[in-house]
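Data first, discussion second: the structure below is written as structure tokens.
The values are calculated or read from the model by the stated rules, or taken from the named source; none is laboratory data. Everything quoted here is computed from the prediction, not taken from an experiment. Virtual Cβ from ideal backbone geometry, glycine too; neighbours counted across all protein chains shown. Just so you know, the surface numbers come from the protein's heavy atoms only, side chains and all, with ligands and any DNA or RNA stripped out. Shrake-Rupley method; radii C 1.70, N 1.55, O 1.52, S 1.80 Å.
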Amino acid sequence: MSSHLQQSDHTDSPADNGGGISTIIRTSVGLLVLCGLIYPLLMTGIAQAILPKEANGSLIYNAKGQAIGSELIGQTFTEPQYFHGRVSSIDYNGVGAGSPNFAPSNPDLKARVEQFAADWSKNNPEVPLSKVPADLVTNSGSGLDPHISPEAAQAQLPRVAKAAGLSLEEVQHLVDKYTESADLGIFGEPRVNVLLLNLAVQGEMKGDTVRIEG
């Protein structure tokens, strides 16, 4: 008795290969249109309808209706009549967020703190260094944080009031007005947006009003 082992070689026909490539192309084009066009347009439309201010960058406008910044990105203030924000080693440049993670022994950090101490003692003689909150001396994680703590605002109150020609009570009222509580009462810490607060100070000095989008 003999057995015969039959082998058959199967190769894809040109038609089969063409069908597979055609399926890949159609799938790729479909996903490209869906994920690269339809989905972004849909999400943009929903955002513009529900949260237009946030979708457009949380822009802040002055009394003339000119966009002068965003609620999400800090700005550098050095004039004595304005509140100063946190240290930003990137000068609040939104192109690249981040800040140097200096160790306590880093000479650059030591020099920066010493310079801050000298400037603070000169410009804020009413408030000793021991009363200065840590957030005024340190970078935020992104280097873009527009907020300071209410304690940091309180420490600057005498200088701002004197330089702006306002009473302590007037400036205190503005600080209280622009102090934001923790989100939902439990997330984050109370904070003050420096740009919004300074616009309010400027408005009190010039008798202007501040208009914010939204």
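Scanning the stretch 148-186 for residues being more than 23 Å from residue 114 (Cα to Cα) and in contact with a Ser or Thr (Cβ under 9 Å, 6 or more places away or on another chain) gives a total of 2. The residues of the stretch 54-76 that are surrounded by 15 or more Cβ atoms within 10 Å (Cβ to Cβ) and over 15 Å from the mean Cα position of the chain (by Cα), listed by number, are 61, 62. Scanning the stretch 181-214 for residues that are modelled with pLDDT under 85 and charged (D, E, K, R) gives 183, 206, 208, 211, 213. Taken over the stretch 116-140, the criterion of being open to solvent by 70 Å² or more (accessible area, probe 1.4 Å) and in contact (Cβ under 8 Å) with a residue 12 or more places away in the chain is satisfied by 123, 126, 129, 131. Do we find that residue 152 is open to solvent by less than 30 Å² (accessible area, probe 1.4 Å), in contact with a helix residue (DSSP H, G or I) (Cβ under 7 Å, 6 or more places away or on another chain) and more than 22 Å from residue 90 (Cβ to Cβ) in this structure? The answer is no for residue 152. Residues of the stretch 83-115 that are in a loop (DSSP other than H, G, I, E, B), open to solvent by less than 60 Å² (accessible area, probe 1.4 Å), without any contact (Cβ under 8 Å) to a residue 40 or more places away in the chain and small (Gly, Ala, Ser): 96, 103.
If I filter the stretch 115-133 for residues that are under 21 Å from the mean Cα position of the chain (by Cα) and aromatic (Phe, Trp, Tyr), do I get at least one hit? No: the stretch 115-133 contains no residue that is under 21 Å from the mean Cα position of the chain (by Cα) and aromatic (Phe, Trp, Tyr).
Return the residues of the stretch 35-53 that are assigned to a helix (DSSP H, G or I), within 28 Å of residue 196 (Cα to Cα), free of Cβ contacts under 8 Å to residues at least 40 places away in the same chain and open to solvent by 50 Å² or more (accessible area, probe 1.4 Å); say none if nothing qualifies. If the condition is that a residue be assigned to a helix (DSSP H, G or I), within 28 Å of residue 196 (Cα to Cα), free of Cβ contacts under 8 Å to residues at least 40 places away in the same chain and open to solvent by 50 Å² or more (accessible area, probe 1.4 Å), then 44, 46, 48, 49, 50 are the ones that fit. Residues that are on the phi > 0 side of the Ramachandran plot and open to solvent by less than 70 Å² (accessible area, probe 1.4 Å) within the stretch 155-187 comprise 165, 185, listed in sequence order.
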